[in-house]
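Peer 1: Starting off with a structure, shown below.
We did not get these values from a lab; they are worked out from the coordinates using the rules stated. A quick note: this is a predicted structure, and the numbers were derived from the prediction, not measured. With ideal geometry, Cβ positions are generated from the backbone for all residues, glycine too; neighbour counts draw on all protein chains shown.
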Ligand code: NOJ
Ligand code: CA
């Protein structure tokens, strides 16, 4: 929400919407980076860790936001971007100034090889992971854009400086951190070339810098010296951590973090962006994470974020039953064991936006991809077709608060055009509509709070072979249990189970109206229909 008409959402804008978050039932707000930044990567390129970017407000606004959240019993988690800084951060400016700078070793500098970069790693944002700096003739490493040089975590001074940053925010009262790109802190010793069978010169390099042995030592130290000294939450963005390794990161009494954002169901989509949802694969992946952490750790649950296209555009159905697919997908992930995260606009069932031409893309990855595809001779309409499906800008459009011009988000020109659906898909209209996606999310949040099995209950997978329905039971230690049954397909689907008996008066939630019926074992579900029942195990007398 933009409070001053400059088209950019800001802290005072968020402050004006706390009533909304409270009404919805949110208890922890995760704020993406709001530090001073040239915004090459929407704030994930920080040029000063201990201040607020002028476009977002001031430290006084931040303190006020924090106090108002706390007054309402809500908490605030900020986004710490500590794998890299902006190339405009004073540390990097000093580091690049001369080879003998005391901060030279704060970043990763190497000589080139005969006019080529020091190795053949490709950056996550495409192109070489190295950029040559004219001042000293050496190259610096950047796993993301050239404006995001990687910090050298092998240097204890760097680690101490970043710890001080975290402590500074903790002293200010923040309730915790989302730790960006935390599995990339450690690079493979020696920064070796990777195999390049096709001779392309620059190859995807995740294996050389993602979850490399030694990274956990850095995270443990950081935890010990900062947030573990406080009652603070730590959520790590953990690409490359498998469910088998997860306990080392979040195991109770063992891992340095409270939760991690795993990437497996995300990868499932990104490697097959055209395919409809394959329910058995999703069940296998999410089920594996549920089992791995059961009783020993805690999951973070999500289906959207700032990097993914909108979930209903890839796994749902934007056509007629839009509400159904948004609410069915919501039910599926929201009632698992863990902490569910909602990304802004997801609670309205927002779909991907419309891009008319390539000039509207703001996201650095999309822009690099445009250059790369053009260089490969691809036509603009081909590029547009790919990015319409995959671009990170899809989910970054401003929040539509009402059907007023620009969705009530700003009185000026928004920094990114609103999703053109805003006259129909917005907060104000859905708040008045008991059948809206928003109203459903509110019910989901309440249900989670009311029902003990949904907090601590075991996750029991059922209907393991069903190709349309994702179903599971949450069973508490006292035997009370709840079944979550979601048809995630655009076709009708049959549910049948012998062991768990559906307790009929106890249909706890459904996303479509349900006529009374007595069958306690089987259901016929409509496309994208989801139901939540109280259930009990079959006994000898049944
Ligand atoms: C992960 C963040 O989610 C993404 O938005 C960002 O571009 C990269 N890390 C780099 O910081
Ligand atoms: Ca503003």
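Peer 1: To the nearest 0.05, what FRET efficiency results for residue 111 and residue 464 with a Förster distance of 56 Å applied to their C-beta separation?
Peer 2: 0.50
Peer 1: Could you check how many percent of all C-alpha pairs in the stretch 270-410 are farther apart than 20 Å?
Peer 2: Counting pairs separated by more than 20 Å, the tail of P(r) holds 56 percent.
Peer 1: Let me ask something else. Ranked by Cβ crowding within 10 angstrom, fewest neighbours first, how are 106, 266 ordered?
Peer 2: In increasing order of surrounding Cβ atoms, one gets 266, 106.
Peer 1: Distance in nm between label sites at residue 357 and residue 517, each 7 Å beyond Cα in the beta-carbon direction?
Peer 2: 5.3
Peer 1: Direction-averaged shadow area of the convex hull around the Cα atoms of the stretch 32-72, nm²?
Peer 2: Numbers: hull surface 11.6 nm².
Computed as one quarter of the Cα hull surface, the answer is 2.9 nm².
Peer 1: Would you mind giving the three semi-axes, in whole Å and largest first, of the ellipsoid equivalent to the chain according to its Cα gyration tensor?
Peer 2: Semi-axes from the Cα gyration tensor: 40, 26, 25 Å.
Peer 1: I would also like to ask the following. Place a label point 7 angstrom from the Cα of residue 200 along the Cα-to-Cβ direction, then list the residues of the stretch 153-190 whose backbone nitrogen is under 11 Å away.
Peer 2: Answer for the stretch 153-190: none.
Peer 1: Let me have the relative contact order for the chain, percent, based on Cα pairs under 8 Å that are six or more residues apart.
Peer 2: Numbers: 1066 pairs, mean separation 59.8, N = 542.
11 percent.
Peer 1: Round to the nearest 10 and give me the degree value, 0 to 90, for the angle of helix 279-293's Cα axis relative to the longest principal axis of the chain.
Peer 2: Helix 279-293 sits at roughly 80 degrees to that axis.
Peer 1: For the stretch 90-141, state what percent of all Cα-Cα pairs lands in each successive 5 Å bin, counting from 0 Å until the bin that includes the largest distance.
Peer 2: Cα pair-distance distribution for the stretch 90-141, in percent: 5, 22, 29, 21, 17, 6, 0.
Peer 1: Using Stokes-Einstein with the Kirkwood hydrodynamic radius over Cα pairs, what translational diffusion coefficient do you get for the stretch 201-278 at 4 °C and a viscosity of 1.567 mPa s, in µm²/s rounded to a whole number?
Peer 2: On the way: Rh = 14.3 Å.
It comes out at roughly 91 µm²/s.
Peer 1: While we're looking at this one, here's another question. If I take every Cα pair under 8 Å that is 6 or more residues apart in the stretch 465-530, average their sequence separation and divide by the length, what percent do I get for the relative contact order?
Peer 2: The value is 37 percent.
Peer 1: According to the Kirkwood expression over distinct Cα-Cα pairs, how big is the hydrodynamic radius of the stretch 69-177, in Å?
Peer 2: 15.4
Peer 1: Follow-up. Quick one, can you get me the convex hull of the C-alpha atoms of the stretch 420-479 expressed as volume per residue in Å³?
Peer 2: 128
Peer 1: Okay, helix-only estimate at 222 nm for the chain: each DSSP H run of n ≥ 4 adds -39500 (n - 2.57), divide by all residues, round to 500 deg cm²/dmol; what do you get?
Peer 2: Counting only the DSSP helices, I get -8000 deg cm²/dmol.
Peer 1: Simple spin-label model, 7 Å along Cα-to-Cβ: residue 385 to residue 207 in nm?
Peer 2: 3.2
Peer 1: If each residue of separation counts as 0.36 nm, what is the full-extension length gain between residue 524 and residue 446 once their alpha-carbon separation is subtracted?
Peer 2: On the way: separation 78, 0.36 × 78 = 28.08 nm, distance 2.64 nm.
Gain on extension, residue 524 to residue 446, equals 25.4 nm.
Peer 1: Percent of Cα-Cα pairs more than 18 Å apart in the stretch 458-537, please. Kindly include the intermediate steps, with their values, before the conclusion.
Peer 2: Working: 1053 of 3160 pairs.
Counting every Cα pair in the stretch 458-537, those more than 18 Å apart make up 33 percent.
Peer 1: Which angle between 0 and 90 degrees, to the nearest 10, do you get for helix 215-225 versus the longest principal axis of the chain when only C-alpha atoms count?
Peer 2: 90
Peer 1: Given q = 0.09, 0.16, 0.22 Å⁻¹, what are the Debye log10 I(q)/I(0) values for the stretch 98-232, with equal point scatterers placed on the Cα positions and solvent ignored?
Peer 2: Reported log10 I(q)/I(0), two decimals: -0.31, -0.88, -1.35.
Peer 1: To the nearest 10 degrees, how steep is helix 322-334 against the longest Cα principal axis of the chain, on a 0 to 90 scale?
Peer 2: Relative to the chain, helix 322-334 is tipped by roughly 80 degrees.
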